[in-house]
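Student: Here you go, one structure.
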Amino acid sequence: MASIGSKKEFSCLRLVLGDQLDLDHRWFDEVDPDVLYVIAELGQELAYVKHHVQKVCAFFAAMRRFADALAEQGHEVEYLDLDKVNKYSNLKDLLKVYCDRYAVELFEYQTPDEYRLAEQLGDLDLPESVEVRECDSEHFLLARDELEDYVERGKHNRMETFYRKLRKRFDILMDGDKPEGGEWNYDAENRNKLKTDDLDEIPKPMTFDNDVGDILERLDRHNVETVGEARNNLPWPLDRTQARQLLAYFCRRCLPNFGRFQDAMTGRHEHAWSLYHSRLSFALNAKILHPREVIDAALERYRDSDDVPLASVEGFVRQILGWREYV
């Protein structure tokens, strides 16, 4: 972790939330000793609803790794775990204290994905001398201020219509102004059931061994209520290295059959929980991977091989370019 040392002032304070762990964001292009990044395990984010314990552990572990990665690049970082955050009554109190402590002139934050948190950050009680600036998270293909160009207020906007507009906008699986292959989606080809002969082909899932025992102890110490089964060793990717490994594995081993069996379920195989799914949702939602990076990897695999059907790659692209952007 970068050391603040004797420095008592920062001209800019930037808050990094647990779902904004994007090293490629423009914030981090240059190292500025006048900018302090605060990354905090906020108790309020654990209390408004009960979360799955593995989700909480994954976020906290990914946040810590992200803080370490920033510090290794030379950024000034202060990581506040639950033990340190506990002294502040809420996020507003924490930010006010930090702005006062370091004589901050500018406070910046990325637009949260949650309306609840966006409302809170839009109504801060900071000193008048502190300028507050909201920045785009840069983690959707369509910027938030462009949404009104693609949806109509007060009307029902179908995902399929939205998806086709974005296919054209970003020239993904397009042949001029027509969809590649002549169809916009291949749902009819992506509803296969897993037959007995298919079970032997199901790939072993790539998993990881991430120790989160210290986080579990911290959650217990602060009486954080969760749901689900706790695991000392999380199998999910928690940083860019692991996430990119899983993305590469998905493209290599799972994408060829992703479309065919994307709706399939079975209880007759030890890998029934994973099948041909990418399991990249956490890496995308935490902004460890960028959606365009994921789409481009799938498209490259499709272009460079003859074993990935158009129906499979289109079905996968639709989950990200269609549903993720739409929701």
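The values are calculated or read from the model by the stated rules, or taken from the named source; none is laboratory data. For clarity, every value in this text was computed on a predicted model and none was experimentally measured. Quick reminder, even Gly has a Cβ in these numbers, built from the backbone with ideal geometry, and neighbours come from all protein chains shown. In case anyone asks, the SASA skips ligands and DNA or RNA and just uses the protein heavy atoms, side chains included. Shrake-Rupley method; radii C 1.70, N 1.55, O 1.52, S 1.80 Å.
Student: Please label the shape of region 43-153 as rounded, prolate or oblate, based on the square roots a ≥ b ≥ c of the eigenvalues of the alpha-carbon gyration tensor (a/c under 1.5 means rounded; beyond that, a/b larger than b/c means prolate, else oblate).
Tutor: Verdict is rounded for region 43-153.
Student: Using only DSSP helix segments of four residues or longer, with each worth -39500 (n - 2.57), what per-residue ellipticity at 222 nm results for the chain after dividing by its residue count and rounding to 500?
Tutor: -9000 deg cm²/dmol
Student: A further question follows. Non-local amide H neighbours of residue 40 (under 5 Å, H modeled in plane, Pro and chain starts lacking H): which ones?
Tutor: Under 5 Å from the amide H of residue 40 lie the amide H atoms of 16, 80, each far enough along the sequence or on another chain.
Student: Output wanted: per-residue J couplings in Hz (rounded whole) for region 57-66, from phi through Karplus 6.51 cos²θ - 1.76 cosθ + 1.60, θ = phi - 60°, x for Gly and Pro.
Tutor: With the stated coefficients, region 57-66 comes to 4, 5, 5, 5, 5, 5, 4, 4, 5, 5 Hz.
Student: Another question, then. For region 99-105, take each phi angle, set θ = phi - 60°, evaluate the Karplus expression 6.51 cos²θ - 1.76 cosθ + 1.60, and give the result in whole Hz per residue in order, putting x for glycine and proline.
Tutor: 5, 5, 4, 10, 6, 5, 9
Student: From a point 7 Å beyond the Cα of residue 161 in the direction of its Cβ, which residues of region 304-327 have a backbone N at a distance under 15 Å?
Tutor: Zone members listed by number: 326.
Student: Of 76, 180, 114, which has the largest mean-square fluctuation in a 10 Å C-alpha GNM of the chain?
Tutor: The residue with the greatest mean-square fluctuation here is 114.
Student: So if each residue of separation counts as 0.36 nm, and I subtract the Cα-Cα distance between residue 197 and residue 114, what length gain in nm does that give?
Tutor: Extra length from residue 197 to residue 114 when fully extended: 25.5 nm.
Student: Under a GNM of the chain (C-alpha, springs under 10 Å), which listed residue has the highest mean-square fluctuation: 197, 81, 125?
Tutor: 197
Student: At 0.36 nm per residue, minus the direct Cα-Cα distance, what do residue 231 and residue 144 gain on full extension? Give it in nm, one decimal, please.
Tutor: 27.7 nm is the gain from fully extending residue 231 to residue 144.
Student: Tell me which label goes with the value of Rg/Rh (Cα atoms, Kirkwood Rh) computed from the coordinates here: (1) 1.00; (2) 1.04; (3) 0.96.
Tutor: (1)
Student: Accessible area per residue, 1.4 Å probe, Å², for the chain: what's the number?
Tutor: On a per-residue basis, the chain sits at 51 Å².
Student: Below 8 Å, C-alpha to C-alpha, sequence gap of six or more: please give me the relative contact order for region 27-138 in percent.
Tutor: Reported relative contact order: 27 percent.
Student: Let a ≥ b ≥ c be the square roots of the eigenvalues of the Cα gyration tensor of region 213-300; is it rounded (a/c under 1.5), or, if not, prolate (a/b larger than b/c) or oblate?
Tutor: oblate
Student: For a label point 7 Å from the Cα of residue 277 along Cα→C-beta, name the residues of region 240-256 whose backbone N is under 19 Å from it.
Tutor: 243-256
Student: Report, in whole Å, the centroid distance computed from the Cα atoms of region 103-149 and region 162-218.
Tutor: The distance from the Cα centre of region 103-149 to that of region 162-218 comes to 31 Å.
Student: Same structure, new question: Express the relative contact order of the chain as a whole percentage, based on alpha carbon pairs under 8 Å and six or more residues apart in sequence.
Tutor: Value for the chain: 22 percent.
Student: Count the net charge of all other residues whose Cβ sits under 13 Å from the Cβ of residue 219, scoring Lys and Arg as +1 and Asp and Glu as -1.
Tutor: My count for the surroundings of residue 219 gives -3.
Student: Could you please state how large a percent of the accessible area of region 217-273 is carbon and sulfur, counting protein chains only and using a 1.4 Å probe?
Tutor: C and S atoms contribute 43 percent here.
Student: How much net charge surrounds residue 264 when only other residues with a Cβ under 9 Å from its Cβ are counted (Lys, Arg +1; Asp, Glu -1)?
Tutor: +1
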